[in-house]
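Data block below; observations after.
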Amino acid sequence: MMTENLTKETFLEKVFNFEENKEWKFEGKKPALIDFYADWCGPCKMLAPVLEQLSNEYEGKIDIYKIDTEAEQELSAAFGIRSIPSMLFCPADGEPQMANGALPKADLERVIAEVLKVTK
């Protein structure tokens, strides 16, 4: 299972349709981790293989998406992304939470457990 790149169109379908809903309403079937990144960003490049590992380890339990902030500026603006990498953790129920910076794998696993309520 690989991480999946989202465009605005697929984001509206799979995560949150902010054009129709003012209040957060998660559209996904499984909790999701969304990585806002750019190709030129060093820490983003370091984070990418970690996200691929997590994608395999949590296969079938969470979805891991990536959003290219250069290509999808409207999505970045919608979430007030000012620094990258930024990760949006979307539980199946409840409010999403944002984390900034290239977190170590252990920290990501802790946030997945605490925010997404998912364990391996």
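The values are calculated or read from the model by the stated rules, or taken from the named source; none is laboratory data. Everything quoted here is computed from the prediction, not taken from an experiment. When we count neighbours, we look across all protein chains shown, and the Cβ atoms used for this are built from the backbone with ideal geometry, even at glycine. Areas reflect the complete protein model, heavy atoms only, side chains present, ligands, DNA and RNA absent. Shrake-Rupley method; radii C 1.70, N 1.55, O 1.52, S 1.80 Å.
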**OP:** Give segment 21-34 a look and list any residue that's modelled with pLDDT of 95 or more and acidic (D, E), or say none.
**Re:** E27
**OP:** Among the residues of segment 49-64, write down those that are touching a residue at least 60 places away in the same chain (Cβ under 8 Å) and either within 14 Å of V115 (Cβ to Cβ) or outside any helix (DSSP H, G or I) (or both).
**Re:** Y58, I64
**OP:** From R110, R82, grab the single residue that is on the phi < 0 side of the Ramachandran plot and either crowded, with 18+ Cβ neighbours inside 10 Å or modelled with pLDDT under 95 (or both).
**Re:** R82
Original post:
Conditions: (1) surrounded by fewer than 20 Cβ atoms within 10 Å (Cβ to Cβ); (2) not in a helix (DSSP H, G or I); (3) not aromatic (F, W, Y). I67 meets all but one. Number of the miss?
Top reply: (1)
Original post:
When both residues are 6+ apart or on different chains and their Cβ atoms are under 9 Å apart, which pairs have a first residue that lies in segment 2-15 and is assigned to a helix (DSSP H, G or I) and open to solvent by 20 Å² or more (accessible area, probe 1.4 Å), and a second that is modelled with pLDDT of 95 or more and aromatic (F, W, Y)?
Top reply: T10/Y65; K14/Y65
Subject >> Scope segment 70-110; condition free of Cβ contacts under 8 Å to residues at least 40 places away in the same chain and within 12 Å of the chain's Cα centre (by Cα); matching residues >> reply: Q97, M98, A99, N100
Original post:
Could you count how many residues in segment 15-42 are of a type outside the set (K, R) and in contact with a strand residue (DSSP E or B) (Cβ under 9 Å, 6 or more places away or on another chain)?
Top reply: 15
Original post:
In segment 85-100, what residues are part of a strand (DSSP E or B) and either surrounded by 15 or more Cβ atoms within 10 Å (Cβ to Cβ) or among the polar types (S, T, N, Q) (or both)?
Top reply: S86, M87, L88, F89, C90, Q97, A99, N100
Original post:
Within segment 25-36, can one find any residue that is over 15 Å from the mean Cα position of the chain (by Cα) and either surrounded by 14 or more Cβ atoms within 10 Å (Cβ to Cβ) or among the aromatic types (F, W, Y) (or both)?
Top reply: no
Original post:
Restricting the search to segment 37-48, which residues are of a type in the set (A, V, I, L, M, F, W, C), in a helix (DSSP H, G or I) and open to solvent by 40 Å² or more (accessible area, probe 1.4 Å)?
Top reply: M46
Subject >> Single condition E9 does not satisfy, out of (1) within 13 Å of the chain's Cα centre (by Cα); (2) of a type outside the set (S, T, N, Q); (3) modelled with pLDDT of 95 or more; (4) more than 21 Å from T119 (Cα to Cα) >> reply: (1)
